[in-house]
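Here is the structure we will look at.
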Amino acid sequence: MSCDKNSQNENIKNKLEEISGEPVIIGILAEESPKVIYEKLYPLKKFISQSIKRPVLIEIAKDFKDLENKIRENKVNLLIIDPATYCELKWSMKNRIFPLLKPEGEIAETRSVFVTKQGKNIDKIFDSLGKKLALGDEKSSFSYLIPLSMLRDVDISIKDFKSVDMLQKEKKIALSVLIGEHDIGAMSEITANTYLKDGLKIIRYSEPTPRFLIAYINNFQQQEVQTIKNTILGQIDKQVLISIGVEKFVQAEDRDFDYIRVLIRNLKGKDYIEYGPKTIKVAILPLYSPLTIYKRYDPLMRYLSEKTGYEFKLVIPKNFEEFIKIVSEGKVHFSYQNPYVFSIVSKQYPIKVLTITAGEDCTSDEGICGGERYRGVIITKKDNNIHKIEDLKGKKIMIVSPTSAGGFLSQKICLEKRGFNINKDFQLIDAKRQEKVIIGVYKQEAEAGFIREAALSVWSDEVDLSKIKILDYGEYLPNWPFAVVNNNVSDLTMKVKKLLTQLDDPFILKKARIKSFKEATDEDITTLKKLSD
């Protein structure tokens, strides 16, 4: 026993001698109490320490400015931060901060949510208008940036609330809603879930987003950075993952957070998106929110990047008008748009069709419906006195845009065939987005609305669709074309065309909500160009 005890002491002594040198400092913003933060991160801290044989310390910054100062003064080496904080820091300190790892798996991502207290007469986001709203720190992804983007998506601004207060911490927001100081609050789903048993109720969710990422500062030796990355990816203990609440880590790339930069640009007017010399820009018509568009089409961009050796990146304009402007000026390499917008742009710029889309969202069941054509619908509220198209004459109708195919052109062609003058017989309101039309009809800001048929399935969680009815259907149109705009590398254009038409990856197709891409025929091209005549 004496020998065993001496052996144990010798092992402890050896381990202590192995871990030596200057400590590595992990910087983190205080979203929770220091005690909770230390308890969650201690196993990870210990694991990193053992992998690089150096002591590791956790430095909790009191706010964004404090963390920024610690980085500038070289007081931290690693960061564990949320995506919006990363984007802000990356821009303010170029070439100093680099992404390393991000969690992956179902529990690795969380959603921004709006919450209220059970028992209040608030079931949808629109029920909270005119009431008190609580938000978090303006650098936060989950309690500020994404929630404001969610409101913007449904045409709600902070001016629509009685008051808006910045409570900084998510815990304070939850408690304020529970005690009745605020009627509604924004936070991460993870935080909200801890208070559901106390009476908190979630009324709206965002798309899921990585909860955090691990980044490193350029004052950290590359050899140790690689060691940390390799050991976390290949050797991390399951108990470490359980402690921080993730399933696994994967390598992070800067482009992983471009959608956050789009939200920042749209809300704050700051354009943090950067493009390298081998970047190929693909403009996507903003039919839905930036986060939805990114989730749908970024897998396709990564597929094209992997197969071509170029970096394909999404360009998500603020609205249809901005899309038409940047494509007509040849500021992107490829574009993906509805057939009507393609027809308009093709008269201003020599844009060329590569492929036509087949399939779209279903309106009832999960999956992909439709083929190489799609149509718009005319919707109205069930409890009004609109029963047929003739009842709409002289009434207000919300349209997605005069350049929308499924939200204007399809219905226009159908109505004109029936003898109506679209501009004289109805009062048209340009709502800019599909969801704004649905919500406008729901809120009775107009008697009817023109939307793409599939849009009803996308926004089924936002409004009570049992109160909405389809009054009539529009004319079928060719589906969305993928086009080459400004690309001097003809070999790349042909390769992209081949890659799209041969694409059969079920994951990429399902994410994009399509069945396939088919090669455009001469008849397709002729039809598309005539749509704006």
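The values are calculated or read from the model by the stated rules, or taken from the named source; none is laboratory data. None of these values were measured; they are calculated from a predicted model. Backbone-built Cβ (ideal geometry, glycine too); neighbour counts: all protein chains shown. Note: accessible area is taken over every heavy atom of the protein model, side chains too, but ligands, DNA and RNA are not part of it. Shrake-Rupley method; radii C 1.70, N 1.55, O 1.52, S 1.80 Å.
Descriptive notes on the structure:
- With a simple spin-label model that places each label point 7 Å from the Cα along the Cα-to-Cβ direction, the separation between Glu22 and Lys75 comes to 1.6 nm.
- Using a Förster distance of 30 Å, the FRET efficiency for Gln221-Tyr38 (Cβ separation, nearest 0.05): 0.75
- Using alpha-carbon coordinates, inclination of helix 490-501 to the longest axis of the chain, degrees: 80
- Anchor Lys393: lysines whose Cα lies under 23 Å away (excluding residues fewer than 8 positions away in-chain): Lys381, Lys382, Lys412, Lys417, Lys424, Lys432, Lys436, Lys443, Lys467, Lys469
- Within straight-line cross-link reach of Lys395, aspartates and glutamates at Cα separation under 12 Å, skipping those fewer than 8 residues along the same chain: Asp425, Glu445, Glu447
- Reachable aspartates and glutamates, given that their alpha-carbon falls under 13 Å from the alpha-carbon of Lys169 and they are not under 8 places away in the same chain: Glu31, Glu32, Asp63, Asp137, Glu138
- Multiplying the residue separation of Ile202 and Lys53 by 0.36 nm and removing their Cα-Cα distance gives an extension gain of 49.2 nm.
- Linear extension gain, Trp91 paired with Lys518, 0.36 nm per residue minus alpha-carbon span: 149.7 nm
- For the peptides 149-158, 289-298, the ranking by packing is 289-298, 149-158, with the highest mean count of neighbouring Cβ atoms within 10 Å listed first.
- Region 329-359 and region 138-153 have Cα centres lying 31 Å from one another.
- The angle between the Cα long axis of helix 170-179 and the main principal axis of the chain comes to about 70°, on a 0 to 90 degree scale.
- Given R0 = 41 Å, the distance between the Cβ atoms of Glu445 and Thr526 translates into a calculated FRET efficiency of 0.60.
- Cβ-based net charge around Phe249, under 11 Å, with every Lys or Arg adding one and every Asp or Glu removing one: +1
- Pairs over the 25 Å Cα-Cα cut-off, from the set Lys313/Lys515; Lys171/Lys270; Lys347/Lys515; Lys307/Lys518: Lys171/Lys270; Lys347/Lys515.
- Using a Förster distance of 51 Å, the FRET efficiency for Glu390-Ser243 (Cβ separation, nearest 0.05): 0.20
- Among the chymotrypsin sites (Phe, Trp or Tyr not before Pro) in region 214-285, those placed in a DSSP loop whose Cβ has at most 15 other Cβ atoms within 10 Å are Tyr275.
- The chain: angle of helix 34-52 to the longest principal axis, Cα-based, in degrees nearest 10: 70
- Close amide H contacts of Val315 (hydrogens built in the peptide plane, cut-off under 5 Å, sequence separation of 5 or more or a different chain): Val282, Ala283, Ile284.
- Accessible surface of the chain, 1.4 Å probe, proportion on carbon and sulfur as whole %: 47
- Neighbour net charge for Leu267 - beta-carbon separation under 13 angstrom, K R +1, D E -1: +3
- Of Ile214, Phe114, Ile146, farthest towards positive along the dipole that unit charges on Lys, Arg, Asp, Glu beta carbons give region 104-249: Phe114
- Among beta bridges that DSSP assigns inside the chain, antiparallel share in %, nearest 5: 60
- Bins of 10 Å, starting at 0 and running to the largest distance - Cα pair percent for the chain: 3, 16, 24, 24, 17, 9, 3, 1, 1, 0, 0
- Cleavage-rule hits, GluC sites (Glu not before Pro), region 263-337, DSSP coil, Cβ neighbours within 10 Å at most 16: Glu274, Glu329
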